[in-house]
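Student: The structure under discussion is supplied below as structure tokens; questions concerning it will follow.
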Amino acid sequence: MGATFSAADVSNDVIVGTLTGRGSVSTAGVQEYDAGTSVRQSYTSTALTDSTGAATGQHGISAQTVTSVPIVVEYDSATGTYAALAPADLLPRASSDPAVPATTLVYLNPDYQFVAGGQRSQVVSTSGAASAMTNDFFVFGNPTTSGGVPRTGTAGYALNVQGIAGDTNFKNLLNFSGTGTLTADFGAGTLNAASPVSYVQTGTSSTAVATGNFAATGTISATANALTGTVTLDGLGSAYSGPLNGQFYGPGAQELGAVFSASSANGTASGFFTAQNPNPAGSLAALQTTTSFDVNASQASQACNCLIPQSTRGSSVVSFNPTYPEANVYALSEFSVYSSGSEINFVVGRPGQPFLSNLEFNESSSSIPELANALGTGYTAAYDLKLFNPTPSNPALVLTYTSFADLTTTETFQGKTYVGRYFIPFGIETTPSQMPTTGSANYSGIVYGEGSLNGGSYNNTLSGTSTLSANFATGAITATANITATNTTTNVATTFSPVTLSGAISGNSFNVATAAPASATNIGGVAAGNFYGPAANEFGAAFALSQSGVAALNGVLVGKKN
């Protein structure tokens with residue numbers, strides 16, 4: 001919460017100030033969560049014996065059923081424990097048979113704030129070697145209000161899957177789990193999820209006995225906070241399929257949770273999945289929190305026509321702070337010739353608006369006073385920054401998750417002047433878990449940069465178009481740059497043959513290079529980039545290209561999915 005206050009006394013002394021606070025769970029008492037209709041999976045388990053009559057430790061699974069039961073989750077803040085309560089706390093049993101109290105396991109992901117999944121297990125010995133078992137799977141938390149569910153746009157989520165299968169090909173129950181990606185299209189009212197899963201037999205080692213794939217397709221209610229759909233599960237012989245039910249949790253549908261059941265000719269499976277949107281802001285222009293970006297950079301100067309990959313820097317070099325010391329400050333560090341740790345601050349846009357609309361670039365200038373003080377007299381520096389605007393009104397290219405910085409540094413010390421220009425793509429990266437692992441995609445975009453022709457000064461602006469073709473199944477990737485260099489003095493344009501660079505995807509990044517190195521007759525070079533957005537929607541890459549004695553070309557390729 002937040003509030004302002006003012007007060008005065010009879011002497012007309014006045015005080016003013018602010019009140020801020022954050023809620024917390026009470027240190028005493030019990031808090032209840034309605035977990036809704038959860039999935040109950042029931043079995044009969046019979047102990048097996050070997051030829052000597054000794055128990056083998058394995059069980060035959062039979063009489064499998066899947067039903068739905070309402071669950072209430074209680075959290076005791078005094079003890080820090082959870083309990084899941086079902087309508088009947090104990091399974092039916094003979095009066096002489098012992099009952100094992102229900103055990104509740106709650107899977108708390110430390111990265112999640114609004115939803116958790118759980119499992120309530122119970123075993124009752126019914127007679128002899130037979131046992132009746134149930135596993136109730138549920139999700140609970142703080143649901144998004146119906147009005148708080150977005151109705152336009154898309155969002156990507158990191159997915160976690162947990163469940164149990166009883167398959168006749170295996171003597172024991174199988175725990176399965178996996179992590180993957182989920183995409184919600186709020187405009188179309190659809191969701192799609194996919195994750196590899198591993199199966200481990202209960203009561204045995206943790207070694208996976210089978211692997212497969214979990215997939216979900218669903219519908220987002222147009223009026224309520226509700227998710228319905230179908231899941232499929234493979235890897236155990238015959239394919240499993242069945243329904244899912246869930247909802248979004250947290251403000252703006254930041255997280256979601258659902259339970260599911262599935263069946264095949266060989267058995268039943270049930271479980272839950274939770275997912276979190278790692279970028280609730282949804283777009284680069286909507287950032288409201290301090291954010292750091294790991295970046296690649298292309299350096300254009302008389303001293304270096306080179307690519308500076310993020311792996312060589314060891315720290316973020318672009319960061320955004322929405323409030324300090326002024327509104328919307330972008331900071332770029334490690335771009336000073338004299339101090340690799342210096343941070344250059346730029347005020348960009350207007351208060352509350354990181355990027356100016358209706359402009360291709362925002363521009364700002366700055367200096368490093370502390371560096372000038374440290375080096376003393378004779379040191380002067382000027383830093384000019386342009387930021388590409390990721391706004392719907394950008395006439396060059398409309399991007400949502402990607403931008404790039406065009407930084408010019410001019411430093412003079414002891415009679416020597418060093419001028420450097422850096423092109424630095426950055427943005428809201430696709431997380432590794434959000435990266436597609438199947439299929440392919442094509443992208444289209446632009447070229448931006450600076451070039452030196454015929455050994456002269458860097459006085460040619462680079463423009464043109466770019467394309468990217470990514471095969472997410474194989475990891476192969478190819479980029480093409482169609483570059484035109486225009487002399488800033490004579491306005492003479494030089495168009496180069498298309499440059500093709502190929503390479504591989506690694507996580508959410510990629511590195512590409514020309515087939516042949518630079519020569520007097522061939523443009524050669526490299527580019528390093530990342531995917532941006534919740535589902536690899538966009539890309540950005542820094543490049544350094546050259547042709548011996550003919551051209552040195554530096555800049556960025558940025559684009560979006562066709």
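Student: Note the full-extension length gain between residue 474 and residue 410 as 0.36 nm times their separation in residues minus their Cα-Cα distance, in nm to one decimal. Please report the intermediate quantities before stating the final value.
Tutor: Working: separation 64, 0.36 × 64 = 23.04 nm, distance 4.38 nm.
This chain segment gains 18.7 nm when fully extended.
Student: Note down the nm distance, to one decimal, between modelled labels 7 Å out along Cα→Cβ at residue 306 and at residue 417.
Tutor: With each label point 7 Å from Cα toward Cβ, the separation is 2.3 nm.
Student: Need the C-alpha centroid separation for the range 423-475 versus the range 503-558, integer Å.
Tutor: 7
Student: Right, another one. Once you place label points 7 Å from the Cα toward the Cβ at residue 506 and residue 461, how far apart are they in nm?
Tutor: 3.5
Student: Rounded to the nearest 0.05, what FRET efficiency do residue 444 and residue 215 have when you use their Cβ-Cβ distance and R0 = 25 Å?
Tutor: Working: r = 29 Å, r/R0 = 1.16.
Between residue 444 and residue 215 the formula returns 0.30.
Student: Between residue 208 and residue 495, how high is the FRET efficiency from 1/(1 + (r/R0)^6) when r is the Cβ-Cβ distance and R₀ = 60 Å? Nearest 0.05.
Tutor: Working: r = 55 Å, r/R0 = 0.92.
With a Förster radius of 60 Å, E is 0.65.
Student: By how many nm would the segment from residue 398 to residue 185 grow when fully extended, if each residue of separation counts as 0.36 nm and the alpha-carbon distance is taken off?
Tutor: Details: separation 213, 0.36 × 213 = 76.68 nm, distance 1.93 nm.
Stretched fully, the residue 398-residue 185 segment lengthens by 74.7 nm.
Student: Right, another one. If I model a spin label as a point 7 Å beyond the Cα along the Cα-Cβ vector, how far apart are those points for residue 111 and residue 292 in nm?
Tutor: For residue 111 paired with residue 292, the spin-label model returns 1.7 nm.
Student: What percent do you get for the relative contact order of the range 153-287 when only Cα pairs under 8 Å and 6+ apart count? Could the numbers behind the result be given before it?
Tutor: Details: 361 pairs, mean separation 30.4, N = 135.
Once divided by the residue count of the range 153-287, the mean separation gives 23 percent.
Student: Determine, from the Cβ-Cβ distance of residue 437 and residue 548 and an R0 of 41 Å, the FRET efficiency 1/(1 + (r/R0)^6), rounded to the nearest 0.05.
Tutor: Values: r = 40 Å, r/R0 = 0.98.
The pair residue 437/residue 548 has a calculated efficiency of 0.55.
Here, each number is a calculation from the coordinates, and none is a lab measurement. What you see is a predicted model; the values in this text were computed from it and never measured. Here Cβ is always computed from backbone atoms with ideal geometry, including for glycine, and neighbour counts include all displayed protein chains.
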